[in-house]
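One structure is given below, encoded as structure tokens.
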């Protein structure tokens with residue numbers, strides 16, 4: 001059939017012999033590639049992550065390496081030491097143990113050593129306790145020790161009171177390594193960047209600014225401040241003109257888009273990870289991840305106001321925000337760092353019942 005078509009073309013177009021040859025060549029190469037793919041398989045394999053009920057196409061398709069957090073390989077943990085009758089408690093051995101004093105000496109020391117590995121692997125214990133001998137470890141001279149004490153309490157709070165978010169997919173939870181990953185200051189913290197001069201205040205002050213908070217888009221750069229610090233309602237304007245029930249302004253809507261864009265980038269997903277393309281605004285058509293994300297937004301807002309903001313006077317000036325001299329605050333990217341499951345969903349409290357709750361640990 002192909003040969004007859006080529007002969008007929010050549011008779012009708014004796015000077016144009018390249019077009020049929022090229023056409024047949026392209027088809028032939030395409031068939032060869034298709035046959036190769038069928039025979040040897042897809043050279044660029046993808047993996048599908050189901051995000052909703054089966055049969056609805058609720059999946060996220062990515063290259064496998066983008067679904068796996070490589071820093072999980074750097075996580076170091078230790079098995080807990082089961083307490084024995086007569087074991088002395090940390091508060092009875094050491095001075096000024098305001099948190100974790102009810103742990104046995106073995107488990108207290110084990111946690112302190114691991115925290116040094118998670119947060120300050122280069123400085124070690126000296127990061128919080130200084131270069132003196134162990135007799136000076138009870139002193140609170142270094143700001144890092146004061147902050148670490150509060151961060152332990154924050155970790156216990158997260159695991160105890162926000163399990164709906166941090167354990168939404170199996171046992172996971174968080175510990176210091178979840179955010180720090182071997183860094184003194186976790187990546188993904190943020191600061192206020194709105195102008196301090198009232199003359200510059202207004203919509204123009206936060207719109208069309210190339211900033212990390214706006215994900216380098218023209219979207220508003222104060223979305224994290226509004227929703228993850230001030231706890232404002234996340235709203236979008238109505239779909240119909242002059243809807244009397246509409247309480248959201250254009251600015252509110254754009255801030256919402258800015259926040260959603262930030263969340264997408266923080267988890268390396270797209271809008272359909274939480275929303276249905278049929279109706280983004282309809283909370284009855286969302287995926288299970290929508291509720292988890294909403295709880296996470298509430299959690300981050302509470303943690304910033306309870307733990308991070310009050311530490312502003314404790315941080316040294318060089319670690320405060322460049323505009324408002326505010327304390328570093330956390331958000332989605334502080335834990336997720338570009339993956340929908342931080343550290344591939346590793347159980348971060350299995351070996352650390354001391355951090356799972358403010359109540360006495362269960363070994």
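The values are calculated or read from the model by the stated rules, or taken from the named source; none is laboratory data. All values reported here derive from a predicted model rather than from experimental measurement. Here the Cβ is made from the backbone with ideal geometry for all residues, glycine too, and neighbour counts use every protein chain on show.
Just one of 168, 163 is under 26 Å from residue 297 (Cβ atoms), out of contact with any helix residue (DSSP H, G or I) (no Cβ under 6 Å at 6 or more places or on another chain), at pLDDT below 95 and surrounded by 14 or more Cβ atoms within 10 Å (Cβ to Cβ); which is it? If you could, list the steps in order and put the result at the bottom.
Details: 168 fails: out of contact with any helix residue (DSSP H, G or I) (no Cβ under 6 Å at 6 or more places or on another chain).
Only one candidate passes the filter, namely 163.
If a residue has to be without any contact (Cβ under 8 Å) to a residue 40 or more places away in the chain and either at positive phi or within 16 Å of the chain's Cα centre (by Cα) (or both) to count, how many in the stretch 305-363 make the cut?
So the answer is 1.
Scan the stretch 139-160 and give yes if some residue there is farther than 23 Å from residue 308 by Cβ, outside the structural domain of residue 345 (by TED's automatic domain parsing) and surrounded by 17 or more Cβ atoms within 10 Å (Cβ to Cβ), otherwise no.
No - not one qualifying residue is present in the stretch 139-160.
Out of all the residues in the stretch 209-226, which are in contact with a helix residue (DSSP H, G or I) (Cβ under 7 Å, 6 or more places away or on another chain) and surrounded by fewer than 22 Cβ atoms within 10 Å (Cβ to Cβ)?
215, 217, 226
What's the number of the only condition in (1) within 22 Å of residue 313 (Cβ to Cβ); (2) touching a residue at least 40 places away in the same chain (Cβ under 8 Å); (3) in the same structural domain as residue 297 (by TED's automatic domain parsing) that residue 225 fails to meet?
The single condition residue 225 does not satisfy is (2).
Do any helices (runs of 4 or more DSSP H) entirely within the stretch 62-173 hold 1 or more residues that are in contact with a strand residue (DSSP E or B) (Cβ under 9 Å, 6 or more places away or on another chain), farther than 30 Å from residue 295 by Cβ and without any contact (Cβ under 8 Å) to a residue 24 or more places away in the chain, and if so, which? I'd like the intermediate steps shown before the answer.
Numbers: elements: 90-93, 105-119, 126-129, 143-161, 163-166.
Correct list: 90-93, 105-119.
Take residue 83 and decide whether it is surrounded by 14 or more Cβ atoms within 10 Å (Cβ to Cβ) and either within 21 Å of the chain's Cα centre (by Cα) or not assigned by TED's automatic domain parsing to the domain that holds residue 349 (or both). Please lay out each step first, then the result.
On the way: surrounded by 14 or more Cβ atoms within 10 Å (Cβ to Cβ): yes; either within 21 Å of the chain's Cα centre (by Cα) or not assigned by TED's automatic domain parsing to the domain that holds residue 349 (or both): yes.
So residue 83 passes the test.
Looking at (1) modelled with pLDDT of 95 or more; (2) under 20 Å from the mean Cα position of the chain (by Cα); (3) part of a loop (DSSP other than H, G, I, E, B), which is the one condition that is false for residue 275?
For residue 275, the exception is condition (1).
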